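Before any comments, here is the structure.
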Amino acid sequence: MTQYDVVIQYRKGRYIIEYENFAKEMNRGYLQLLVMVLLQESMYGYQIVRELEKRNYIIEENTLYPLLRRLNNKKILQSNWEIVEGKPRKYYQISEDGKKVLEKLIDIWLRQNQLLKNLLGGSKDV
């Protein structure tokens with residue numbers, strides 16, 4: 001069994017579908033896209049968490065920081081340290097290369113979203 005499997009179990013007279021790992025995998029790519037969009041302006045980690053929470057998207061800091069490091073290492077983000085109110089904070093912002101990647105990712109997402117809407121019979125609430 002892999003993390004992509006949807007597990008169907010029979011318990012207490014009914015079938016239970018466990019899709020947690022599958023949902024986590026879908027959210028991972030979506031979160032990457034959200035972070036890249038947010039970081040058109042310079043922000044530090046906790047600020048990103050708060051901005052997403054304002055929009056009802058809850059993320060743990062221990063999920064965000066590894067993502068920021070990965071994107072920074074791939075040169076999709078750029079970062080710099082600043083001292084604010086006596087505290088060092090690492091600020092992240094999308095790089096020029098990251099903007100090109102983001103443009104392509106948004107195009108992919110829009111095409112996939114449209115395909116899903118079409119497959120669901122043109123439903124506008126996907």
query = Looking at Glu61, is it over 13 Å from the mean Cα position of the chain (by Cα) and without any contact (Cβ under 8 Å) to a residue 40 or more places away in the chain?
reply = no
message = So Val101 passes all but one of these: (1) in contact with a strand residue (DSSP E or B) (Cβ under 7 Å, 6 or more places away or on another chain); (2) touching a residue at least 40 places away in the same chain (Cβ under 8 Å). Which condition number does it fail?
response = (1)
ask   = Which residues, taken from region 6-57, are exposed (fewer than 14 other Cβ atoms within 10 Å of the Cβ), at pLDDT 90 or above and part of a loop (DSSP other than H, G, I, E, B)?
value = Gln40, Glu41, Arg55, Asn56, Tyr57
message = So for region 86-97 (the condition being surrounded by 12 or more Cβ atoms within 10 Å (Cβ to Cβ) and in a helix (DSSP H, G or I)), does at least one residue qualify?
response = yes
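The values are calculated or read from the model by the stated rules, or taken from the named source; none is laboratory data. No experiment lies behind these values; they were computed from the predicted model shown. All Cβ positions, glycine included, derive from the backbone under ideal geometry; neighbour counts span all protein chains shown.
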